[in-house]
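Report on the following structure.
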Amino acid sequence: MYMAIIFFFISLIIISLLFLLTKHRSHFSYPNLPPGKVGFPLIGESLSFLSAGRQGHPEKFVIDRIGRFSSCLFKTHIFGSPTAVVTGASGNRFLFTNENKLVVSWWPDSVNKIFPSSTETSSKEEAKKLRSLLMPFLKPEALRRYVGVMDEIADRHFQTEWANKDQLIVFPLTKEFTFSIACRLFLSMDDPKRVRKLEEPFKMVATGVFSIPIDLPGTRFNRAIKASRLLRREVSKIVRLRKEELKAGKSSAKHDILTHLLMSIGGETKDEDVADKIIGLLIGGYDTASIVCTFLVSYLAEFPDVYKRVLQEQKDILKGNEGKEGLRWDDVEKMRYSWNVACEVMRLVPPVPGAFREAIDHFSFNGCYIPKGWKLYWSAFATHKNPDYFREPEIFEPNRFEGSGPKPYTYVPFGGGPRMCPGREYARLQILIFMHHLVKRFKWEKVFPKENKIVIDPFPVPANGLPINIFPQS
Ligand code: HEM
């Protein structure tokens, strides 16, 4: 009897494995696919992909394979899907210009489970709708209005969190900075206690996004799902309150982005749907800009000459501003060298290392066949480290951005085409305002000068959060 049960289970396991193997092979049974390896069923090459990121070199996964297969396009199997990785300017151009024609945006299932709303923004109509609703808030006329608020928050932030300290860890602080600005501009939320309370679930969501999707108590993935539910509840409460204020005539369109959204989409939209849109925005801008601010602190510590030039530019702006309170839009427009420095930081450490698309039809690219349903991945890291586009790509050199700057599709920190980041100008503004306050007040050095380890988790962050010794500017 026991033998029969054991035999039954062994047969079941063998049949399941054979089924998985056949299914895995069937993904790759088409003629003329790109070169590449596909790994084991289910796992594919996901572990190599993730481990290259965890070791701080996500481009290694891509660059090693480009070398091995002598092709700028290769096949692999990651996050449970057959995937073609495209690289270089021609690959980026192909994906960005064929959005909604041959490909659409795609996220791994883990992301969609944590954020059911992200499936909405993946659809063509939802993404278009969100973009058109956001544009009035993110266009230059609106951004001009934010300079004063961002300047005021930066002033307060550096005063309370950085001044009078000898040593601090940069990354948590830059996150607090960008999150405070977003809470104020998107939700009119100013009370630091409430902001911190809302930030906690955001942290959990961010760390669970690309974790192994095992939904068991205690896993990162499970914590992220719970945190996203909590977020939805909290933001929905704020939405409800704002709807009531609007009904009572207590809010105007200029109040914040939430009010603007409510006035644009009408009061009938469910609170949860509005909350999802706001959360999508907060997520988009949460880690990204703070990563740039963090690595700016790191590179400015390593390159004193660059720091001096940035400081000089900011001092000149202050000189021209005598007698006036705070920064203005025109001042930010003058921060050309500072922005070149930020661009070089985003070249070496693109906050979004790359992103996925899904083929909505079968097509040929670079002489290879891409079947319908396959995923495609473009890599900012690999493009930015390509010596054909950037001479000595490992060297930090902000002057690369002088004049007309890099060639089209070779510099893609904000992506490209119809899904290009709608928050890029907003991000530019807060990064430059951060730099202004930082250099005008402080000098600093890294606690571990040789420690440059980056971990992709799921965004690139300094392994130890970047501890620094800090001194007031003389
Ligand atoms: C330095 C800062 C930032 C970087 C490097 C960045 C990068 C990116 C990239 C690469 C994409 C496109 C992903 C793809 O092709 O699938 C994207 C999309 C997006 N970003 Fe950003 N982002 C930044 C800041 C922001 C901010 C501050 C916001 C919000 C105010 C924001 C909101 C969004 C949204 C909503 C999308 C999705 C657009 C769509 O799907 O059509 N981002 N971002």
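Restricting the range 343-395 to residues that are surrounded by fewer than 18 Cβ atoms within 10 Å (Cβ to Cβ) and among the basic types (Lys, Arg), which is nearest to the ligand (Cβ to nearest atom)? Selected residue: 372. Residue count for the range 177-197 satisfying the condition of being out of contact with any helix residue (DSSP H, G or I) (no Cβ under 7 Å at 6 or more places or on another chain) and in a helix (DSSP H, G or I): 5.
Residue-wise test of (1) within 15 Å of the ligand (Cβ to nearest atom); (2) assigned to a helix (DSSP H, G or I); (3) under 30 Å from residue 200 (Cα atoms).
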residue: 269; (1), (2), (3): no, no, yes
residue: 280; (1), (2), (3): yes, yes, yes
residue: 286; (1), (2), (3): yes, yes, yes
residue: 294; (1), (2), (3): yes, yes, yes
residue: 301; (1), (2), (3): no, yes, yes
residue: 306; (1), (2), (3): no, yes, no
residue: 309; (1), (2), (3): no, yes, no
residue: 326; (1), (2), (3): no, no, no
residue: 330; (1), (2), (3): no, yes, no
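Could you tell me whether residue 418 is within 29 Å of residue 152 (Cβ to Cβ), touching a strand residue (DSSP E or B) at 6+ places or on another chain (Cβ under 8 Å) and modelled with pLDDT under 95? Here the answer is no, as residue 418 does not meet what is asked. Within the range 431-445, which residues are crowded, with 19+ Cβ neighbours inside 10 Å and more than 7 Å from the ligand (Cβ to nearest atom)? Once the filter is applied, which keeps residues that are crowded, with 19+ Cβ neighbours inside 10 Å and more than 7 Å from the ligand (Cβ to nearest atom), the range 431-445 yields 432, 433, 434, 435, 436, 437, 438, 439, 444.
Taking residues in the range 399-419 that are within 16 Å of the ligand (Cβ to nearest atom), and partners anywhere that are part of a loop (DSSP other than H, G, I, E, B) and not charged (D, E, K, R), the pairs with Cβ atoms closer than 6 Å and at least 6 places apart or on different chains are 410/389; 413/350; 414/420; 414/421; 415/421.
If you go through the range 291-333 and keep only what is touching an Asp or Glu at 6+ places or on another chain (Cβ under 8 Å), buried (at least 17 other Cβ atoms within 10 Å of the Cβ) and of a type outside the set (Val, Ile, Thr), you end up with 299, 301, 327. The conditions of being among the charged types (D, E, K, R), closer than 20 Å to residue 295 by Cα, at pLDDT 95 or above and in a helix (DSSP H, G or I) are not met by residue 425.
The values are calculated or read from the model by the stated rules, or taken from the named source; none is laboratory data. None of the values given here were measured: they were computed from a predicted structure. Virtual Cβ from ideal backbone geometry, glycine too; neighbours counted across all protein chains shown.
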